[in-house]
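Heads up, the thing below is written out as structure tokens.
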Amino acid sequence: MVNSKSLTYKILLHKEPEGAYTVTVPALPGCITYGENIDHAIEMAKEAIELYVSELKEKGMEVPDDSTTLEYSINLIDG
């Protein structure tokens, strides 16, 4: 039986002027992808993360994740 654990990743979706989304994965430096809409961007992010993690494992490198990362959003009023 293969020993596996659950990995958690936060993704950031940035809306581009033309309406599509650029996605970054902070825990995986350089893991960036693109989607035509939010659903497509999330789908592409999952694929990019899987490929990135697979590459790390093949190279015998540590696989980071966000399982111990807390996330907060702070809203400021400008003006």
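The values are calculated or read from the model by the stated rules, or taken from the named source; none is laboratory data. Values in this document were obtained by computation on a predicted structure and should not be read as measured data. Here the Cβ positions follow ideal geometry from the backbone for every residue, glycine too, while neighbour counts run over all protein chains shown.
Just a few scattered comments:
- Checking Ile49, Ile42 one by one, the residue that is β-branched (Val, Ile, Thr) and over 19 Å from Thr68 (Cα atoms) is Ile42 and no other.
- Members of the stretch 1-29 found to be among the small types (Gly, Ala, Ser) and more than 20 Å from Glu71 (Cα to Cα), listed by number: Ser4, Gly19, Ala20
- Close pairs from the stretch 57-68: first at negative phi, partner of a type in the set (Gly, Ala, Ser), Cβ under 9 Å, at least 6 apart: Pro64/Ala27; Asp65/Ser6; Asp65/Ala27; Asp66/Ala27; Ser67/Ser6
- Residues located in the stretch 55-70, provided they are of a type outside the set (Ser, Thr, Tyr) and not in a helix (DSSP H, G or I): Lys59, Gly60, Met61, Glu62, Val63, Pro64, Asp65, Asp66, Leu70
For every residue, the table says whether it meets (1) exposed (fewer than 12 other Cβ atoms within 10 Å of the Cβ); (2) among the aromatic types (Phe, Trp, Tyr); (3) closer than 17 Å to Tyr72 by Cα.
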{"site": "Tyr9", "(1), (2), (3)": "no, yes, yes"}
{"site": "Val23", "(1), (2), (3)": "no, no, no"}
{"site": "Ile32", "(1), (2), (3)": "no, no, no"}
{"site": "Asp39", "(1), (2), (3)": "yes, no, no"}
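- Matching residues in the stretch 29-54 - criterion: being in a helix (DSSP H, G or I), out of contact with any Phe, Trp or Tyr (no Cβ under 7 Å at 6 or more places or on another chain) and of a type outside the set (S, T, N, Q): Asp39, His40, Ile42, Glu43, Ala45, Lys46, Glu47, Ala48, Glu50, Leu51, Tyr52, Val53
- For first residues located in the stretch 1-19 and part of a loop (DSSP other than H, G, I, E, B), partners that are modelled with pLDDT under 95 and polar (S, T, N, Q) and lie 6+ apart or on another chain with Cβ distances below 6 Å form the pairs Thr8/Ser67.
- Out of Ala48, Ala27, Ala41, sole residue that is in contact with a Ser or Thr (Cβ under 6 Å, 6 or more places away or on another chain) and in contact (Cβ under 8 Å) with a residue 24 or more places away in the chain: Ala48
- Restricting attention to the stretch 28-73, the residues being within 12 Å of the chain's Cα centre (by Cα) and aliphatic (A, V, I, L, M) number 10.
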